[in-house]
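Colleague: Take a look at the following structure, please.
The values are calculated or read from the model by the stated rules, or taken from the named source; none is laboratory data. These figures come from a predicted structure and were not determined experimentally. A quick note on method: Cβ atoms are made from the backbone with ideal geometry, for glycine too, and the neighbour counts reach across all protein chains shown. Ligands, DNA and RNA are stripped out before the accessible areas are found, and what is left, the full protein with its side chains, is counted by its heavy atoms. Shrake-Rupley method; radii C 1.70, N 1.55, O 1.52, S 1.80 Å.
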Amino acid sequence: MSNYLVIVHAAQHDAAVDRWLRRWSTPSETHVEQLGRSRLVIVAKDVERSIEDRRFFRGSAVATEHGAIVFGIDGWKAAPAGLRGDPGSASGEFVALDWSDGSLRLDRDVFGSVRTAHTHLRGLIAASDSLLVLASLRSALGARNRLHVEVAAARTARSAVAAQQLSPDTIVEGIDYVPAGRGLRQRRASLRWALTGERVAERVEAARSAGTVELLRRSADDAARVLGALPGVPGWHTRLSLSGGQDSRAVLAAAMAMGVEGAISVHTAPRTAATAADHDVAMHLAQARSIRTEAPSQVERPVAPDEAQTLWAASLLGLYDDFGPLAPHRQLRSTFALTGVGAELHKGNWDWQPLDRLADGAAEGVVRDAVHAQLCTGARSVGADARAGSASELVYLGYRNGIHGSAGHISLHMTTISPLMQLSLAAAGHQPRSPGTGFAGSRAGISAMIAMLDPELVTEPYAEAEHAIAPDVADRLLAAVGGPLEPGPALTVHGRPDDIPRGPSALSMRIADDWGFRGPLAVDAVMAGADDAVAGIGDRDLRGLYVDLLANARWRLDRSGGNLRAEGRQPARIRSLALIAGLDG
């Protein structure tokens, strides 16, 4: 999300909230109105462009069960009633606010691609995608922002498992995170938040009843119907980042099944010694189908390059431990940049294991214990049994999947479409692993999807030879899932992606700049003052963990030649110490 903030507060906070808004915000991004005896404040870039009839909608929603793709507030108004009545079950990347009944409700996409943190003070509730913004608001109202030591310790683990939220606990006590599948609603009797929506484990369990074959066929059909809709969006181009692997091939198969391959283009990684096999296979797949490679680029720069750190801090700081986006501009304007993101929901990303084993592989000693405690808290929040073999993937689904998947772009725009990001595909991965099928939680399910959509494509070469699928194996896969699929009609598009405001709010950028986050995302700028930042950690045991983390960050940067794209996780954690230094201890 491009930095949204919503506040509902009693009259006692009018003066303090107004002073804070005058200092950081602008009139064009601030909406204020009475909500019963309270006051509602919404802050977002060009906020009125997303409000109508006491509803705010920003972003893109994909609801295959309702046959719809929605862009912006006009699209939301025209969307099927069933979708507007249950927005939290749609995928995409959007936030929807509704206060038409006199109390505020916040929904976002079911996978949590739009981050949502929230806080509560006496007489005030607030929610935002920016931890820094909520911390600033709390300070302005006299609340203390204390460091959550367990979270801070867990985030020193070298593993990517702990490189983002693992649970509702954030690094700031008093600010909580909403896991995927859930939304927020203002309690009618008081200014407090209540969670809405089903937990992701419950959503997966409910979907599983359809059976593996039906879930895989539904997933293939839904991906194809999405692909069929995008080329019809006026003024927009569809480009697939195609590799020599499996996941993006499933998206290509969806395009082939809908007959729209001539309306898309393909992007591949530049050919180097390390990427030669991947590049060559992708180019072969595209050229054999007469799909043009690359697309005209129109660079869009919502913020200046020397504001890259500011943008990162305003958006991801404290919630995701990596830098994104490294270049503070959107490379391709008016382009749906498709990838194979979402396939991990089916195949698994954290190796289908209980949480004690996942923690064992992520860290050692006190850090391992902190990671395990946070994973178990996260498991309870998503309805998972920490001892089950599926626990790792349900916590992944509740947190890292959405946060990581959108981190590289969502502070700049909210128009990314991910055809494989489907609950049905996740549910198929969580089916019991019955003998003879091997579909659940494996590559075989994605291969079966490809075979259903384009039987020839599944047997084409792969960059890694061991992943090759012989024709007889493909035939068995296809027979096991009911044969070739004839996709349904393309989804109906409501609204225009050009109508969705892009870029961050001035409020979030000004707060981040004032906190000291400024300059480019370059090694010297990021690591400046790192020793002093570590030395300033008050908790001695935690400080020792960050001394080790700093040494590891420097070693990684030296080994990679200062490559923040490859080694950004540890430097981002070190740079985040500026947030910790600003807390109350």
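Colleague: Condition check: buried (at least 23 other Cβ atoms within 10 Å of the Cβ), part of a helix (DSSP H, G or I) and not polar (S, T, N, Q). Does residue 479 satisfy that?
Modeller: Against the criterion (buried (at least 23 other Cβ atoms within 10 Å of the Cβ), part of a helix (DSSP H, G or I) and not polar (S, T, N, Q)), residue 479 does not qualify.
Colleague: Okay, next question. What residue, among those in the range 139-165 that are hydroxyl-bearing (Ser, Thr, Tyr) and surrounded by fewer than 18 Cβ atoms within 10 Å (Cβ to Cβ), is farthest from residue 358 (Cα to Cα)?
Modeller: The first filter runs over the range 139-165 and keeps only residues hydroxyl-bearing (Ser, Thr, Tyr), leaving 139, 156, 159.
Pick out the ones that are also surrounded by fewer than 18 Cβ atoms within 10 Å (Cβ to Cβ) and you get 139, 159.
Values: 139: 36, 159: 10 Å.
Among those residues, the one meeting the criterion is 139.
Colleague: Among the helices (runs of 4 or more DSSP H) confined wholly to the range 374-466, which include 2 or more residues that are aliphatic (A, V, I, L, M) and at pLDDT 95 or above?
Modeller: Those helices (runs of 4 or more DSSP H) span 391-398, 423-429, 443-453.
Colleague: On to the next question. Identify, from the list 75, 59, the residue that is part of a helix (DSSP H, G or I) and open to solvent by less than 10 Å² (accessible area, probe 1.4 Å).
Modeller: Sole residue among the options that is part of a helix (DSSP H, G or I) and open to solvent by less than 10 Å² (accessible area, probe 1.4 Å): 75.
Colleague: When the residues of the range 561-585 are narrowed to those that are crowded, with 21+ Cβ neighbours inside 10 Å and at pLDDT below 85, which ends up nearest to residue 542 (Cα to Cα)?
Modeller: Here the answer is 580.
Colleague: Quick check on the range 139-159: of everything there that is assigned to a helix (DSSP H, G or I) and not hydroxyl-bearing (Ser, Thr, Tyr), which residue is farthest from residue 350 (Cα to Cα)? Lay out the reasoning, then the answer.
Modeller: Step one: filter the range 139-159 for residues assigned to a helix (DSSP H, G or I), giving 139-140, 149-154.
Then keep just the ones that are not hydroxyl-bearing (Ser, Thr, Tyr); that gives 140, 149-154.
Numbers: 140: 40, 149: 25, 150: 22, 151: 20, 152: 21, 153: 21, 154: 17 Å.
The selected residue is 140.
Colleague: Across the range 57-83, what is the number of residues that are touching a Leu at 6+ places or on another chain (Cβ under 8 Å) and under 22 Å from residue 334 (Cβ atoms)?
Modeller: Looking only at that region, the number is 6.
Colleague: Quick check on my filter: what residues within the range 260-295 are in contact (Cβ under 8 Å) with a residue 24 or more places away in the chain and either in a loop (DSSP other than H, G, I, E, B) or aromatic (Phe, Trp, Tyr) (or both)?
Modeller: Selection gives 260, 268, 269, 289, 290, 291, 294, 295.
Colleague: Of all helices (runs of 4 or more DSSP H) completely enclosed by the range 533-585, which ones contain at least 2 residues that are among the acidic types (Asp, Glu)?
Modeller: Qualifying helices (runs of 4 or more DSSP H): 540-560.
Colleague: OK, next. What residue, of 252, 285, is under 17 Å from residue 336 (Cα atoms) and not charged (D, E, K, R)?
Modeller: That would be 252, the only listed residue that is under 17 Å from residue 336 (Cα atoms) and not charged (D, E, K, R).
Colleague: Going residue by residue through the range 85-96, is there one that turns out to be without any contact (Cβ under 8 Å) to a residue 60 or more places away in the chain, surrounded by 20 or more Cβ atoms within 10 Å (Cβ to Cβ), part of a strand (DSSP E or B) and touching a strand residue (DSSP E or B) at 6+ places or on another chain (Cβ under 6 Å)?
Modeller: Checked against the condition, which is being without any contact (Cβ under 8 Å) to a residue 60 or more places away in the chain, surrounded by 20 or more Cβ atoms within 10 Å (Cβ to Cβ), part of a strand (DSSP E or B) and touching a strand residue (DSSP E or B) at 6+ places or on another chain (Cβ under 6 Å), the range 85-96 yields at least one hit.
Colleague: Out of (1) over 22 Å from residue 550 (Cα atoms); (2) open to solvent by 20 Å² or more (accessible area, probe 1.4 Å); (3) aliphatic (A, V, I, L, M), what's the single condition that is false for residue 215?
Modeller: Tallying (1) over 22 Å from residue 550 (Cα atoms); (2) open to solvent by 20 Å² or more (accessible area, probe 1.4 Å); (3) aliphatic (A, V, I, L, M), residue 215 fails exactly one: (2).
Colleague: So residue 12 clears everything in (1) touching a residue at least 12 places away in the same chain (Cβ under 8 Å); (2) within 18 Å of residue 186 (Cβ to Cβ); (3) surrounded by fewer than 17 Cβ atoms within 10 Å (Cβ to Cβ); (4) in contact with a strand residue (DSSP E or B) (Cβ under 7 Å, 6 or more places away or on another chain) except one condition, right? Which one?
Modeller: The one condition residue 12 does not meet is (4).
Colleague: Using beta carbons and a limit of 6 Å, which pairs, at least six apart or on different chains, have the first residue in the range 405-433 and on the phi > 0 side of the Ramachandran plot and the second one open to solvent by less than 10 Å² (accessible area, probe 1.4 Å)?
Modeller: Taking only residues 6 or more apart or on different chains, not a single pair turns up.
Colleague: Right, residue 29: of a type outside the set (Phe, Trp, Tyr) and open to solvent by 20 Å² or more (accessible area, probe 1.4 Å) or not? Break it down into steps so the answer makes sense when it comes.
Modeller: Details: of a type outside the set (Phe, Trp, Tyr): yes; open to solvent by 20 Å² or more (accessible area, probe 1.4 Å): no.
No: the conditions fail for residue 29.
Colleague: Moving to a separate point now. Look at the range 125-141 and say how many of its residues are among the acidic types (Asp, Glu) and out of contact with any Lys or Arg (no Cβ under 6 Å at 6 or more places or on another chain).
Modeller: 0
Colleague: Anything in the range 229-260 that is more than 26 Å from residue 279 (Cα to Cα) and open to solvent by 20 Å² or more (accessible area, probe 1.4 Å)? List them, or say none.
Modeller: Correct list: 232, 234, 235.
Colleague: Which number in (1) of a type in the set (Ser, Thr, Tyr); (2) open to solvent by 10 Å² or more (accessible area, probe 1.4 Å); (3) part of a strand (DSSP E or B) marks the one condition that residue 136 misses?
Modeller: Just one mismatch for residue 136, condition (3).
Colleague: Sticking with this one: Is there a residue in the range 503-517 that is open to solvent by 30 Å² or more (accessible area, probe 1.4 Å) and under 30 Å from residue 254 (Cα atoms)?
Modeller: Within the range 503-517, not a single residue is open to solvent by 30 Å² or more (accessible area, probe 1.4 Å) and under 30 Å from residue 254 (Cα atoms).
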